[in-house]
Each structure stands twice: as structure tokens, then as C-alpha cells.
Amino acid sequence: MAYGGKTKTMNLEIKDLTVRLYPKKNAGRHINVVDSVDLYVNGGEIAAVVGESGSGKSFLGLSIMRLNPPDVSEVVSGSVKIKCPGEKEELDIMRLNPKNLPSVRGRLVSIVFQDPNTSLNPVIKIGEQITEAIFAHKKIGKPEAKEIAISYLNRMNIDGKARFNAYPHELSGGMRQRVMIAMAMVLNPCFLIADEPTTALDVTTSLQVLSLIEKIKLESNLGIIFITHDLSIAKNISDKIYVFYAGQVMECGKTEEIMDNPLHPYTVSLINSVPSLPADYMPKQKLFTIPGYLTKDDFTEGKCRFYSRCFKRDNNCLKNIPLNEISRGMFARCIKV
Amino acid sequence: MPGVLRYNSFARKNKANIKKETGKINNKTKQNMEKEIILNALNLSKYYKYYKSVFDIKRDVIKAVDDITFEVFRNEIFAVVGETGCGKSTLAKLVAGLINKTSGDIYYDGELLDYKDKKKNFRKKIQIVFQDPYSSLNPKKKIYKIISYPAVKNNIIKKRDRLDFAASLLKNVGLSEEILHSYPYELSGGQRQRVGIARSLSVSPELLILDEPVSALDMSISAQVLNLLMDLQAHDKMSYIFITHDLKIVRHIADRVCVMYGGKIMEISPSQDFFKEPAHPYSNILYNSMLPYNFKKQLNFTGLNGKNAGSGLISKEKGIEKGCVYFKKCYASKEICEKNEPPLKDVGDNRMASCFFPFTHPGL
């Protein structure tokens, strides 16, 4: 969904991306885990993808880099076009030869995974893990690569020289996540996909990582797709929000507008179900709840995907609903707004 | 474990002294006697010992919970907050009797808490709900067996009644009877957490220890579980020890807040006062790292960097023999903090803080 102005030099545009997930051993029907998603990020902008677990938001992040598991999933349609200042022409990752994919991963688009404890190799020093990425793309000597790695560690507020030879278990959780970000940033990519980078961290350390992401965004004019399930983080860090449910974008628009007057019933319920902190706040009230939970049946065609849990539903909702532009730059997939 | 034994014998020798102290504390709390104390921990400690390497002779000690004293009132939600490694889960396990204490005593309703005492049967009065709903249910047992097992074990019901018993409990936590014969893997995370709560309710306990009950759940489902917990507490006059790191939830449901750091209690305050003005510098850092939800983008992204932020695992900072545990990271620290350990003392309005300079707030 092309919201706002496109900058000509640097952008990542996802159009009509559909990824199909096949169940193992042919049990049951396939589902569209990412269903005709349009998303748009400029350089120096953070787009937050918000949704609950099982909504397909992590799958979206993986399929942008074509990292989705090939044995169970398949990109059915759509394109992911990338325009970078250094590149001569627009690249479509979905049309790329699999041989050329490694040259794009890490160099143009990078990804930071959720759990820093499991995504770092425990038996390799962090310095080596960072320089590994450099050697894969550049033909340079070891000392230069080490220098680059140290400078990037320093940028992440880690003492690079002292920690270059450290193993992952010697670092704290927040530090490990910062090493992950250093690894993703070491080739100076144009776009970063951050897949729940702060979920496994404490409140205080999570704030440090968030501030770091904000800092590197400003420094290197990075475009970030920030996948999270925490609305308060999305509100504070992002420029625009895509609310994800059962593989579809339910609502998207500017962060302030979505947070101040949400349109889609799902967004409304989500915002109300979190204990919030206004000044006249009354504790011990009943929280608003969304009945039921996200199931596989919600991914079926021919009805609104939020139908089974919606508080505004009626028989008119039992059809495919398009993403309508409600007001300028605000889109919602609902006929009731 | 010889080390633990030695500590236990040490505790036994000093029991007489400790009992005298209990008397003192009871006098102190007589001022607000309208609240009845249900649980009372005195100088409670848990030290873990470990060898640095296989060949090392010296043993290091991690003070997971170090000499803490607190009380929980009846029909109250007592929230324990702090970052990873501050000892809040160890505290839960100590109260639930899942690990042995190194020293100190816990009193329940004025009686020494001893789970081996079969006559008093404290297991029936204190129950725990675990953090992870995925690993805390036996995958090979059906839901009704999981739920009714504690009640059968405690002779509350006969074995043949357990299906009806489990059905009534499921109704209490808002689940349908259809899942009685399912296995845990067939349920969603929110349903499993409710099953965990139903299991601990099966012996109708008076005190429920909740160890991060909603942190593994989605936001829409965590609201369901929180509503259920608030309902149960209001309806059955239960007390909770609610362990979490999410201050927004604490503000929503807690009556009193206890902030822990490095195995020590930093502050105990009524929830309303805490969220008006935190007393301890560390509470202030925690309070400020809470992302505002309904406010404008006002977060100062650089303000918490550097010295002020509490980063890293706490157990790493050993070598603090005397002085405040939070000394190194504190923005308000002075010379006295390095040499003397601040005691947990009254700072007015039923609030306690272990700091020499409470209510100092820099411009964050």
C-alpha cells in the first residue's frame, strides 16, 4: 500500500505478495499465510508490522528475503522491488535467480531475528561471526575485516576491541542482540527487517536496543520493517503501522492516526485490551477482551478473516473484503467503517 | 550439599533471635491492623554455589535472594518487579517450597512455613502458576486428570468424582467442558495458561503465586487471563504474589509493588504512590523505561543510555561485598553508598525504600 510520498532514490515496495503454506504430509488444505500484502518503506523510515502470534507477520519478514522454508511454502504471486542508491536499476527479489540471492541478502536487505540466544552460534567467537559476513561479500584481508567489525561493534555501544574474541555466552542478552544488529549492519544495507528484536529482552535493555535502532536509522538513512506484537513499542518507534491479522493487512496508515482513531474493529480491540497509561487512568477495571483465538480456520477465503472474533460482524461480512481507502493515507479492510 | 546444610544449621541456631525480631515487626505493623498479614518473610536468603570450572577449588556464590524481609496482606495483589536475574523467580520458588532456603524464615498466618508438616498441609493453602504454559503441563495426560490431580492427592475429592470436579473448575476459568478429554497440545496458549490456573485453584488455595503468568501470551489473550485473575481475586478473597516485568500490568492490577534488584528489595510501595513518584533511583529507571502508550512520542531515546541504564545480568556484578548493590549504576550514588549498605527503611506513607537518597530524580 503506497501510503505517503515515494522517495525516488531509496525504497522497498511489496506488491500483492502471496505466500502459500502447505501442511506437512498433505493433512488438510493449504493456507495463504501471507495474502496479497502491499507494503511500502522509504529510506529513513520505520514501518511497524503489528499482529499476534500465528498471524503470519514473521513469515512476511522471511519471505521478503526469500528465506521461507522451500519444502512447505511457496511464493504464489507478487513482487518485492528494491531501489538502492548504489544500484543501477530496480531489483525484484521474487524474480531473482536463486544463485544471485546471497549477493542481495545482507548487502541490500538484512534481517535481525527475535531470539539472540539461539541465533548466534555458541561455539564461534562473535568477531568471527561478524567477519564471516564481510568475507562472503568482499575480497579483503583479515585485519581490515577485523577493523570493520570492531568499528561496527563500537557503533552498537559495545567495546569492540575487548569483545571481539568473546563467545556469545560471555555476553548479556541485550549485548547479544546488539551483536546481531552489528552483524546485520556490517555490510551497510539499505533495508533492515527487525523480527521482534526486543521480545526476548528486559524492559531496560529493550529500551537500549530500541534507541540503538532509532540511532542507526538516523545515521545511515535506513529503511526498517519492524515486526512486533507490542503496540506501545510500535507506537513509539514507527512512522507508519500495518496491522496484520491472519495473513492480511487489516489496517494501515500513519502511526499517530491509527493510534488516535483506529478504524478496524481488530485494531480497536487490540488497543483497548492493553492496560494503558493515561493520566486519568483507573486501575482494576475490566480489560476489553477479544473472544476466542486465532485459528487455522480464520485463513479461509470467502469471509472477513476477523469474522469469528469481531464485535461488529453481521452477514454482510461473509465475503472477501478489499482494503479500502477510508481517508487520505488510511486504509482498512472492513465494510463497517 | 554440605554448604546448604551448614547454612541451615546456622539458621536453626539463630531461630531464637529471629523469633524475637518477629515480635518487633508485628508490633510495627500493628499500626495498620485492618490488614491481616498472610505471609511474612524474614531475612530470607537463597545462595547458589558453583565452581567456576571443573578444576577450580574455589566456589563462587550467587546471592539470588539476599536477606529480604517483606509481608503480604490478605486479599491483596503483591507485585514483584525487576529485570532478569534479580531473583524474583527464586523468591517465588522459595515461597512455594520448590527449593530449599539458605537461611531465614517464612511465616504463613503466623505459623512457620514448613511443607514437610503434613498436619498443616501448606500445599493446600499456597499454590503456584508457572510462566510457561507449554512446558508446565504433562503432555501425556488428559486435561481433566491434570486439573483434578492435586485435589485427589489432597483427599478433597474421590477419584471417581474427578471428571465433574474438573468440569466445574474449567467453568470457573471460562473454558468449555469440551476440552476435558483433550491433551495439552490441542489447546492454545491462553487455554493452557487457564488450565494451569484451574489446576492451582483445585485445592482452593488462599495464596496464589503467579510467576509471569501472561508474559508468554499474546496481548488479546493476556487481557482474558488478567480479567480472570482479577475476578477470582475479588470473588474468592485470594491473595496473589504476582511476579512480572511488565509495569503496565502491575499498575493495572497490583495493590502494592515490590521492586527487586540483585537479590535485594529496593522498594515496597502502594501501587498508586509508586506510579506517582517512585522512591528508589532504580524504580525511577524502571518507571521511565516503561514505554508510554497513550502519550505522544515523547520518549527520550538517549536519556537512558550509559551509566543510568541497568544493563547486563546482575549476577555478573560480584565483588560488591559491602555497600549498595545498585551503587555502580545509580545516578544518585555518593561515597556513603559504596561503603554502607542502605537498609530497607520507612520513607513515609507506608512506603519502604533501601536508599540513602530516596526521591532524587534527575532530568531524564
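P(r) of chain A in 20 Å steps, Cα pairs, percent per bin?
Bin by bin from 0 Å, the calculated values are 30, 57, 13, 0.
Taking 8 Å as the Cα distance limit and 6 or more residues as the minimum spacing, I'd like the relative contact order of the stretch A:119-188 as a percentage.
Once divided by the residue count of the stretch A:119-188, the mean separation gives 47 percent.
Can you divide the C-alpha Rg of the stretch A:70-138 by 2.2 N^0.38 Å and report the result to two decimal places?
1.36
Could you give the alpha-carbon Rg of the protein assembly as shown over 2.2 N^0.38 Å, rounded to two decimals?
Output field value: 1.01.
With the contact rule set at Cα under 8 Å and sequence spacing of 6 or more, what percent relative contact order holds for chain A?
20 percent
With Cβ to Cβ distances under 13 Å as the rule, what net charge do the other residues near B:Val347 carry (K, R +1; D, E -1)?
It works out to a net charge of -3.
Beyond a 26 Å Cα-Cα separation, which of these cross-linked pairs lie in this structure: B:Lys46/B:Lys118; B:Lys63/B:Lys345; A:Lys286/B:Lys46; A:Lys254/A:Lys286; A:Lys284/B:Lys276?
Correct reply: A:Lys286/B:Lys46; A:Lys254/A:Lys286.
Could you order the peptides B:199-208, A:94-103, B:43-52, B:253-262 from most to least packed, using the average number of other C-beta atoms within 10 Å per residue?
The most tightly packed comes first, giving B:253-262, B:199-208, B:43-52, A:94-103.
Can you order the peptides A:137-145, B:348-356, B:163-171 by their average number of other Cβ atoms within 10 Å per residue, highest first?
B:348-356, B:163-171, A:137-145
If each of B:Phe359 and A:Leu67 carries a label point 7 Å out from its Cα toward its Cβ, how far apart are those two points in nm?
Once both label points are built, they end up 5.1 nm from each other.
How high is the relative contact order of the stretch B:138-229, in percent, counting Cα pairs under 8 Å that sit 6 or more residues apart?
Relative contact order of the stretch B:138-229: 33 percent.
Putting +1 on Lys and Arg Cβ atoms and -1 on Asp and Glu Cβ atoms, find which of A:Phe191, B:Ile106, B:Val65 reaches farthest to the positive end of the dipole of the protein assembly as shown.
Toward the positive end, the furthest listed residue is B:Ile106.
Might you report the magnitude of the Cβ-based charge dipole of the stretch A:119-188 about its Cα centre, with Lys and Arg at +1 and Asp and Glu at -1, to the nearest 20 debye?
So the magnitude is around 80 debye.
Given R₀ = 60 Å, what would the calculated FRET efficiency be for A:Thr199 paired with B:Glu111, taking r from the Cβ atoms and rounding to 0.05?
0.90
Relative to the longest principal axis of the C-alpha atoms of chain A, give the angle of the C-alpha long axis of helix A:142-155, reported between 0 and 90° and rounded to the nearest 10°.
With both axes taken from Cα atoms, the answer is about 50 degrees.
Quick one: Cα centre-to-centre distance for the stretch B:127-186 and the stretch B:207-249, in angstrom?
19 Å
Note the angle between two axes, namely the Cα long axis of helix A:203-220 and the longest principal axis of the Cα atoms of chain A, as a number of degrees from 0 to 90, rounded to the nearest 10.
Approximately 70 degrees, to the nearest 10.
Farthest toward the dipole's positive end in chain A, which of A:Gln208, A:Val72, A:Ser103, given Cβ charges of +1 (Lys, Arg) and -1 (Asp, Glu) about the Cα centre?
A:Val72
How many lysine pairs are close in the stretch A:119-188, with Cα atoms under 13 Å apart and the two 8 or more places apart or on different chains?
Lysine pairs meeting the criterion: 4.
Rank A:Thr267, A:Thr205, A:Thr255 by mean-square fluctuation in a GNM of chain A with C-alpha springs under 10 angstrom and give only the top-ranked residue.
Looking only at A:Thr267, A:Thr205, A:Thr255, the largest GNM fluctuation is found for A:Thr205.
So what's the back-of-envelope 222 nm ellipticity for chain A, counting only DSSP H runs of four-plus at -39500 (n - 2.57) apiece and dividing by all residues, rounded to 500?
-8500 deg cm²/dmol
With N set to the residue count of the stretch A:119-188, report its C-alpha Rg divided by 2.2 N^0.38 Å to two decimal places.
Expressed relative to 2.2 N^0.38 Å, the Cα Rg reads 0.98.
Enter the angle in degrees (range 0 to 90, nearest 10) between the Cα long axis of helix A:173-185 and the first principal axis of the Cα atoms of chain A, meaning the one along which they spread out most.
The two axes meet at around 80 degrees.
Counting Lys and Arg as +1 and Asp and Glu as -1, each charge on the Cβ, what is the dipole of chain A about the Cα centre in debye, to the nearest 20?
In debye, rounded to 20, chain A gives about 500.
Computed FRET efficiency, Cβ-Cβ of B:Tyr183 and A:Asp92, R0 35 Å: what is it to the nearest 0.05?
Approximately 0.15, to the nearest 0.05.
May I ask you to list the residues of the stretch B:93-131 whose amide nitrogen lies under 20 Å from a point 7 Å from Cα along the Cα→beta-carbon direction of B:Ile157?
In the stretch B:93-131, the label zone of B:Ile157 (backbone N under 20 Å from the point 7 Å along Cα→Cβ) covers B:123-129.
Please report how far the C-alpha centroid of the stretch B:60-102 lies from that of the stretch A:73-124, rounded to the nearest whole angstrom.
45 Å
At a Förster radius of 45 Å, what calculated FRET efficiency corresponds to the Cβ-Cβ distance of A:Glu256 and A:Ile140, to the nearest 0.05?
Rounded to the nearest 0.05, the efficiency is 0.50.
Throughout, read-outs are computed from the coordinates displayed, never taken from laboratory work. Owing to the predicted nature of the structure, the values given are computational and were not obtained by experimental measurement. Note: ideal-geometry Cβ built from the backbone for every residue, glycine included; neighbour counts use all protein chains shown.
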